[in-house]
Amino acid sequence: MTKKDFLPIILGSDENAYGTARLFREAYDVRPLLLCTIPLSPTKASRIFDLEVIAGFEREDVFPGALLAVLRREAAKYEKLLVVPCSDYYAGLLCRHYDGFEGLIANRFNSESLLETFDTKDRFYALCEAHGMDYPKTAVAAPEERESVLARLPFDFPIVVKPENSNATDYLRCHFEGQKKVFFFDTREQYLAMIASMNGSGYAGKLVLQEFVPGGDGAMRVLNSYSDADGAVRAMCLGRPVLEYYDPKSIGNYAAVLSCGDGALYEKMRDFLQAIGYVGFANLDMKYDRRTGRYLLFEINPRPGRSSYFVRSAGINLMKLFADDVVYGRRGGCVCNENVALWSNVPRGILNRYVTDPALRAELARHKMDRTLKNPADRSLARLYHMARVDHAQYKLFRQYWFDKEKETP
C-alpha cells in the first residue's frame, strides 16, 4: 500500500485543537487525528477530523505508551507524522518523553530545560533580564511569604496576582473560593482575603505579584510565531486583543483579536527567540505600556495560542508553513504580517457591548469578523445547533463576569 505524505496528530479537543485541524484541512485537504482525554465543546459534532479518546491520556504514566501505540499504528500508513500540542501540559509531556517515541515524530520540540524556563514566571523573567527584554515589575512569593511579600513590593496597588503556573496540575486540582487563573486587586485587604482562602486549599506553589500596567484589553498584544528545526523564525503575526474572557475558568484568554504589525517589535522578538534556540510554535503575551512606549512581555506559551486562528484571518496559515517545512523541506524567508483583520471567538453583539473604547469600536465596525468555530465546511444541523447554544452561553458569562479594567477591579 502506498503511504500518504503525512498525518497531523493534534493533542487536545478545545477551540485551539479545532482551529489547528481546520488549518490543516484548508491547506492540504487532510483529515487530522485528535487525541484527548475528554471531548470538549468546541469539537462537538464536527466532521473535519477523527477523534480518539484515551482514558488518562494526560497522565505521566499513560501518555508515553498511549501516544507511542498511536504513532506505531499510523506510521504504517503515512510517510511522516506531525504532532501538535494544543496545551502547555501536552507540550511538556512531549518534551519530556520525546526520545522515547522512536523517531516516529517528524517535528522537533524545545528542550526540557528551556520549557521549564517558560513554566515558572520567576525563571522566565530571569531569562528576559538576561536578554534585555522588558517585563512588568514583579515579586515572587513562596508559600510562607504570601503575606510578608507585601512589605517588599517594588510597586503600589492595584496589582495582578497569578500562580507561578496556572496550568499546573497542583493548582488546577486544588479548590478555594474565588479561585482564578489571574487575580486583580485594588487593596491589600482584597489580596489578603484571597490568601486566607488559598492557604486552606493545599496549594503549595509560588505566587507571582505584578504591577498592574494601565490599560484595558485593547492594551494587550499577542504574537504568534513559527520557528523551524534549526531555530530560524519563519513567520510572525502580531495581534491586538480587543476583548478578553472574564469568567474564572477563562480569564486572561482572548475573545477577539485585531491583527496588526510592528516591524521593530518583530525584529526584537525574532532576535530573542533565535538567541534562546526556540523551535516550533510560540505564543507570546505582552502589554503595551503607554507610560513608557514599551511592550512588556508576560509569558511564552510553547504551542499555538488558543486565539492563533487570528493569524489565518490575517492571511498566514501557520500549519501550511509548518508542514511545508517539515514534510516537504520548503523554506523561505520570514513572513511578518502587516495586514489588519478581525478574528473573534464570540458573537459580534458581545463586541458591540463590551468593547468600550470608541476608537476601537469604530475600527472593529470596518472589518468582517472571522470565527474559528464557525466553519463553512463544517455545518451539519447538529453542529449549527450546538454552536448556537455556545453563543447563548457566552452572552450569559459576559453579563455575569465582565468588568472595566480601566475603572475597576472585581
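Some points to look at:
- Among the candidates Pro248, Pro214, residue that is in a loop (DSSP other than H, G, I, E, B) and farther than 19 Å from Gly293 by Cβ: Pro248
- Consider the stretch 59-87 and keep the residues that are under 28 Å from Ile300 (Cα atoms) and acidic (Asp, Glu). The one that is surrounded by the fewest Cβ atoms within 10 Å (Cβ to Cβ) is Asp61.
Here's the yes/no breakdown for (1) closer than 22 Å to Tyr246 by Cα; (2) out of contact with any strand residue (DSSP E or B) (no Cβ under 8 Å at 6 or more places or on another chain); (3) exposed (fewer than 11 other Cβ atoms within 10 Å of the Cβ); (4) of a type outside the set (Gly, Ala, Ser):
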site	(1), (2), (3), (4)
Tyr354	yes, no, no, yes
Pro358	yes, yes, yes, yes
Arg361	yes, yes, no, yes
Lys368	no, no, yes, yes
Thr372	yes, no, no, yes
Asp378	no, yes, no, yes
Ala382	no, yes, no, no
Tyr395	yes, yes, no, yes
Asp404	yes, yes, no, yes
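- Matching strands (runs of 3 or more DSSP E) fully within the stretch 88-193 where at least 3 residues are surrounded by fewer than 17 Cβ atoms within 10 Å (Cβ to Cβ) and in contact with a Gly (Cβ under 8 Å, 6 or more places away or on another chain): none
- Residue that is nearest to the chain's Cα centre (by Cα) [pool: residues in the stretch 46-58 that are in a loop (DSSP other than H, G, I, E, B) and loosely packed, with under 14 Cβ neighbours inside 10 Å]: Gly56
- Some residue of the stretch 313-335 being under 20 Å from Ala219 (Cβ atoms) and surrounded by fewer than 21 Cβ atoms within 10 Å (Cβ to Cβ): no
- The stretch 308-410 holds helices (runs of 4 or more DSSP H) entirely within its bounds, and those carrying 3 or more residues that are closer than 30 Å to Val279 by Cα map to 309-313, 318-326.
Read the figures in this text as sums done on the coordinates, not as results from a lab. Bear in mind that the values here come from a model prediction, so they are computed numbers and not experimental data. When we count neighbours, we look across all protein chains shown, and the Cβ atoms used for this are built from the backbone with ideal geometry, even at glycine.
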